[in-house]
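Computed from the coordinates by the stated procedures, all read-outs in this text should not be read as laboratory data. Because the structure is a prediction, the values reported are computed rather than measured. Ideal geometry is used to build each Cβ from the backbone, glycine not excepted, and the neighbour counts take in all protein chains shown.
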Amino acid sequence: MKQTRILLLTALLSLTNLFPFTVLGDEVIAIRTKDTELVLRTDEHNYLYQVYFGERLDHPEQMHMTANPARVYPAFGTSYYNEAALHAVHADGNTSTELAYTGHAVEEVQEGVLLTTIDTRDTHYPFFVRFFYQSYYEDNVIEQWVEIRHQEEGDVMLYQFASAHLHFNEPVYHVTQFHGNWADEMHMVENKLTRGQKVLDSKLGIRSNQFAHSHFLLSLDGPALEDAGRVVGGTLAWPGSHRILFDVDEVEELQLIAGINPHASWYRLEKDEVFETPALLYTFSAHGTGEVSRNFHRWAMKHGVYRGDRTRLTLLNNWEATYFDFNQELLSEIIGDAAEMDFELFLLDDGWFGTKHPRNSDHAGLGDWEVNREKLPDGIGYLVEESHKNGIRFGLWLEPEMVNPRSELYENHPDWVIGQPYRDLHLLRNQLNLDLANPEVRDFVFGVVDRYLSDYPGISYIKWDANRFITNPGSYYLPPQDQSHLWIENVRGLMSVLERVREKHPEVFMMVCSGGGGRLDYATLPYFDEFWISDNTDALSRVFIQWGTTFFYPAMALASHVSVVPNHITQRITPLKFRFDVAMSAKLGMDLQPRDMSPEEKAFSKNAIQEYYKIRDIVQFGELYRLLSPYTNDRAAMMYVSDQADRAVVFAYQLKKAIQGNKQPLVLKGLDPDKNYLLREVNKDPGSYSWFTPLEGKVYSGDFLMKYGLRFVMYNEYDSKIIELTAQP
Ligand code: DGJ
């Protein structure tokens, strides 16, 4: 990722075929990955154009023949009249900007990662835009961002400051958006674009993905298909308000403009100050959406999530087990039960703190990070010890950026919150945001996390929550003329705190959570091992939520918990096996009170957890292939395949009762056609006949499984199957 890039001096001979070149006096700059190519070119005025984005070309030097190039970063105010990527008002009031190319450089910043930097300057003003294209060769991912600075006498106002503008010229465009709400995240909807604008945006500042996620799929060959057709997948690496704008113009060409949402966020840029935009990450596939996902996953495990090469731990979380109602004895018992079932960690959730204003509900105590001795007389240290005595690790919930007005923190620092003078406090979940534009507040937030991790080195895991978005967007810290900077300064504050936490506590596992999946992006994830995608733990809902999530994010980082029935959110009753089989397709955890389980359920769970350990490496590090979408089938199925295609695991879920039996074949993918695979059912239900039994222990070739497929019948709603495939020597 750009924040952590390592600059290596270019020992580049082996990579010469990746490099830009000059032809016919024009600069032609090719940004390449293994299979894709983005070609830029200058003209006789030195204006910079995008001339191609798509499959890798054999002869990009022929790009000087291109008929209809589009400006790389169209700016407001000159001959360009459509939606602009940049709108700056110069110190003398001139509202226009005309950027011209002045040079570029390429360096290898890591093995297989090239950074192409292109400099432009306004044709009149000392106003500079530098473009960054970081290309990840093996993963086919491009990371693009911009730096803006000037040396004018006076401030420049920025009104539009996109991270990237991409241009397409196709007869038809289809966009898949991902939207939702609390406990209802990641719905996928595809629409054909028509003339005009389609905007996917958030104005929430924090928890910015709550309604609209900053991820998209753009299909260029009709509705997107899993294994065919040209598709661009993109996601903005920014945990604040975002805007992804698709504009089909008067000649049916498409401008895609992505970046921080400029809404109410105009920026006063001082002389020599560098304004850096977040990055747009995108990948192009000529073979459908499956490849888009695999590109992102491969990239993420190397660059996009914290320590993407480390095995993620199973855990039991007490949130749905107890909510705020617990004490030391009850937690000790749960820790014992978690260990008995072979979980690796116990996670203590909300409600353990607050003395003057105890956190016994979400109405009070947030911000007062002193242990509540009435609930926990021996403090956090005791629970850490209890966990260790039971042979498991301990994790702690924090929501350090937030405060209840009923707290000592708010009583002492009312000016630390985001809010506007003369306006009523607007509470969401009875709480306010702390103002991370304020360095004192940043220190406080860092201090909360640092204190617990330093005082209790036995804490292995932090769940970092954030349960509201920004309203009343004012800062008591920022000067009057910079109030509109709050949206950006707050994110910068968060990033600086995360940076400090990771610098001092590199070993701790961290989960990012935001009342579910409100904060999920590739700016935040490089600091976190995993994320909580939804407070909705109902297994049927999760089939859909996780389906959408894994278009961009790897299953290794997606925490999925088995919870009680009827489910607390949906009231749905599903079998324990189905709940496990859904959670085992990602990072397995549990969110229920073991005391309420029967001995049979405990035994089943213990066995399921052991089964998860047997397939965990394939789920967490394998390549994902989607087989049957829950959106279009009564049976949903996907599979993970190990690196060498010597192991695979298939998940199938029956979503609707099939009176005559659902016999949809699972035509497998990603296997080696020449290998022979032994089939084994994982996490069998001892109490019921398995329609898979006739296939148990049989061996089939990869070729057969990828043509004829795996065929077994499923009848009941919430039937599920996990099948492990092991290549035979
Ligand atoms: C919202 C989270 O998503 C839940 O898992 C839980 O941690 C609660 N917050 C605690 O308040």
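Pairs spanning more than 20 Å between alpha-carbon atoms, out of 587/614; 302/614; 606/657: 302/614; 606/657.
Relative to the compact-globule estimate of 2.2 N^0.38 Å, the Cα radius of gyration of segment 315-621 comes out at 1.00.
Please arrange 435, 227 by counting, for each residue, the other beta carbons lying within 10 Å of its beta carbon, fewest first.
If I rank by nearby Cβ atoms, fewest first, I get 227, 435.
For segment 157-294, the equivalent ellipsoid derived from the Cα gyration tensor has semi-axes of 26, 18, 14 Å, listed largest first. Simple spin-label estimate for residue 631 and residue 92 gives 5.2 nm between the two label positions (7 Å along the Cα-to-Cβ direction from each Cα). Note on the chain: antiparallel DSSP beta bridges, both residues inside, total approximately 80 percent of the bridges counted. Helix-derived [θ] at 222 nm for the chain: sum -39500 (n - 2.57) over DSSP H runs of at least 4, divide by residue count, nearest 500? Mean residue ellipticity, 222 nm, calculated: -5500 deg cm²/dmol.
Taking every DSSP beta bridge with both residues inside segment 315-621, roughly what % is antiparallel (nearest 5)?
Numbers: 6 of 33 bridges.
Here the share of antiparallel DSSP bridges comes out near 20 percent.
Counting Lys +1, Arg +1, Asp -1, Glu -1, what net charge surrounds residue 234 among other residues with beta carbon under 13 Å of its beta carbon? Net local charge, residue 234 excluded: -1.
Taking the Cα centre of segment 343-417 as origin and assigning +1 to Lys and Arg Cβ atoms and -1 to Asp and Glu Cβ atoms, the resulting dipole is close to 220 debye.
When only Cα pairs below 8 angstrom with a gap of at least 6 residues are kept, the chain shows a relative contact order of 10 percent. Residues 609, 533, ranked from the fewest to the most other C-beta atoms within 10 Å, line up as 609, 533. Each Lys and Arg adds +1 at its Cβ and each Asp and Glu adds -1 at its Cβ; summed about the Cα centre, segment 180-298 shows a dipole of about 280 debye. If the label point is 7 Å along Cα→Cβ of residue 707, which residues in segment 668-682 have backbone nitrogen under 12 Å from it? Residues 673-674 qualify, since their backbone N sits under 12 Å from the label point.
Placing one equal scatterer on every Cα of the chain and applying the Debye formula, the log10 ratio I(q)/I(0) at q = 0.09, 0.11 Å⁻¹ is -0.84, -1.21. Placing unit charges on each Cβ (+1 for Lys and Arg, -1 for Asp and Glu) gives the chain a dipole about its Cα centre, and among 196, 501, 175 the Cα reaching farthest toward its positive end belongs to 175. Positive-end ranking of 576, 446, 106 along the dipole of the chain, with charges on Cβ about the Cα centre, is headed by 576. Between segment 336-369 and segment 75-116, how far is it from one alpha carbon centroid to the other, in angstrom? So the two Cα centres are separated by 49 Å.
In what order do 720, 361 fall by count of nearby beta-carbon atoms within 10 Å, going from fewest to most?
Details: 720 28, 361 14.
Placing the least packed residue first, the sequence is 361, 720.
At each listed q (0.10, 0.21 Å⁻¹), what is the log10 of I(q)/I(0) that the Debye formula gives for segment 249-347 modelled as equal alpha-carbon point scatterers? Debye output, listed in q order: -0.68, -1.10.
Taken about its Cα centre, segment 315-621 carries a charge dipole of about 600 debye when Lys and Arg each add +1 at the Cβ and Asp and Glu each add -1 at the Cβ.
Packing-based ranking of 244-255, 291-302, 552-563 yields 552-563, 291-302, 244-255, ordered from highest to lowest mean Cβ neighbour count within 10 Å.
Between residue 251 and residue 271, 0.36 nm times their residue separation minus their Cα-Cα distance comes to what?
Numbers: separation 20, 0.36 × 20 = 7.20 nm, distance 3.88 nm.
Answer, rounded to one decimal: 3.3 nm.
Taken one residue at a time, the phi angles of segment 136-147 give Karplus couplings (6.51, -1.76, 1.60, θ = phi - 60°) of 9, 4, 5, 8, 6, 10, 10, 10, 10, 8, 9, 10 Hz. Gly and Pro are set to x. Normalised radius of gyration (Cα atoms, divided by 2.2 N^0.38 Å) for segment 5-304: 0.97.
Just name one of 426, 534, 607: the one whose Cα is farthest towards the positive end of the charge dipole of the chain (beta-carbon charges, Lys/Arg +1, Asp/Glu -1). The one lying farthest along the dipole's positive direction is 607.
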